[in-house]
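Following: one structure in structure tokens, then a few remarks.
The values are calculated or read from the model by the stated rules, or taken from the named source; none is laboratory data. Because the structure is a prediction, the values reported are computed rather than measured. Every residue, glycine as well, gets a Cβ built from its backbone with ideal geometry; the counts of neighbours run over all protein chains shown.
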Amino acid sequence: MRAKTGLTLFLVCTTLGVAAGEKWPFGPWHRAPDGPVLSPEGNGWESAGTFNPAVVEYNGKFVMLYRAQDAAGTSRLGYADSTDGIHFTRRAEPVLSPEADYEKDGGVEDPRLQKFGDTFYLTYTGYNKKDAQLCLATSHDLIHWDRKGVLLPAYKGNWNKGWTKSGAIVPEKIDGKYWMYWLGTAADKTDQTGISYSTDLLHWTEATENPVLPRRTGKFDSRVVEPGPPPILTQSGIVLVYNGADDQLIYRTGVAVFDRKDPRKLLSRTDQPIFAPEKEWEKVGQVPNVVFVEGMARWGKRWLYYYGGADKYVGVAEAPVQ
């Protein structure tokens, strides 16, 4: 019954997208497999939660950087790889642990990955138990990381009045600039999506006076509108999968399409979610009722979307390439 409902939602959303002149690069989502592909283990640095992953292809494998949490609530980034995108082997130790002042005690959280040339750019949240801020590190092998500091400081910006998180960088330059969608907190304490541009990936300028993807009262994204994986570029637009939460903080997945020539211009977005918590391990965990999509990889004729379930597990959804 739930699967049929999810498919119906997806078909409704697809119709809305086509009606707006947009075409998504993926078809209906379904879980592959039904259970988690990564779970907490041991009594150390990844004992409380393994969730919210970034995934890229590198040297013929899928490499996952995932948020791992210990019993004290401190987060580190773990590394796992796979040949099929489903079965992952972990490294024994984390590849990024809190060291800088803006990470101390809270940790490094919620990675997203983008590659330009031979360099991987990792956006992540640095949390010091006081502030959460969007940060950057770079690497050539996904194991050894060079911190570049805070990209978007908390409590600053045209409309942001709180923390900054979730930097999803567009995979190509547009109009001679790099573009990044990110999360900020508006004056009404809701979390919404902004956009900034850069010429060097290190220094960013806010591109709008207001959220580029705002919350919507009464819908699945009434409280939180947060970028998911890096966007997909198509001929007809910039397709951003995002995480929306309602007033009860149930997290579901939406899709927004922006103009291919102007990343600030919203063309369409889903009225209903395309993916939602259904399994027990997505409903019960450190935070209940959460599917939080953060990683993405293409494998042949299908897309693989990696998500955190209830802030405790990693799951995978797959969708056919359209």
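When P230 is tested against the conditions (1) in contact with a Leu (Cβ under 8 Å, 6 or more places away or on another chain); (2) part of a strand (DSSP E or B), the lone failure is (2).
Identify all residues within the range 132-168 that are under 17 Å from the mean Cα position of the chain (by Cα) and touching a residue at least 40 places away in the same chain (Cβ under 8 Å); write none if there are none.
To start, the set of residues in the range 132-168 that are under 17 Å from the mean Cα position of the chain (by Cα) comprises 132-137, 151-152, 163-168.
Of everything in the range 132-168, those that are under 17 Å from the mean Cα position of the chain (by Cα) and touching a residue at least 40 places away in the same chain (Cβ under 8 Å) turn out to be L134, L136, A137, L151, L152, K165, S166, G167, A168.
Rundown of residues vs (1) under 28 Å from T234 (Cβ atoms); (2) out of contact with any Leu (no Cβ under 7 Å at 6 or more places or on another chain); (3) at pLDDT below 95, yes/no style:
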site: Q114; (1), (2), (3): yes, yes, no
site: H144; (1), (2), (3): no, yes, no
site: L152; (1), (2), (3): yes, no, no
site: K177; (1), (2), (3): yes, yes, no
site: L183; (1), (2), (3): yes, yes, no
site: T190; (1), (2), (3): no, yes, no
site: T205; (1), (2), (3): yes, yes, no
site: L213; (1), (2), (3): yes, no, no
site: R216; (1), (2), (3): yes, yes, no
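Which one is nearest to D221 (Cα to Cα), of the residues in the range 256-271 that are surrounded by fewer than 16 Cβ atoms within 10 Å (Cβ to Cβ) and not basic (K, R)? Only one residue tops the list, namely D271. Out of the range 154-195, which residues are of a type in the set (D, E, K, R) and in a strand (DSSP E or B)? Correct list: K165, K177, D191. Filter the range 119-131 down to residues that are closer than 21 Å to G295 by Cβ and not hydroxyl-bearing (S, T, Y) and give me whichever is nearest to the chain's Cα centre (by Cα). Among them, the one singled out is L122.
Applying the criterion of at least 1 residues that are touching a Cys at 6+ places or on another chain (Cβ under 6 Å) and among the aromatic types (F, W, Y) to the strands (runs of 3 or more DSSP E) found wholly in the range 68-153 leaves 119-127.
The one condition from (1) in contact (Cβ under 8 Å) with a residue 12 or more places away in the chain; (2) of a type outside the set (V, I, T); (3) over 19 Å from L38 (Cα atoms) that W303 does not meet is (3).
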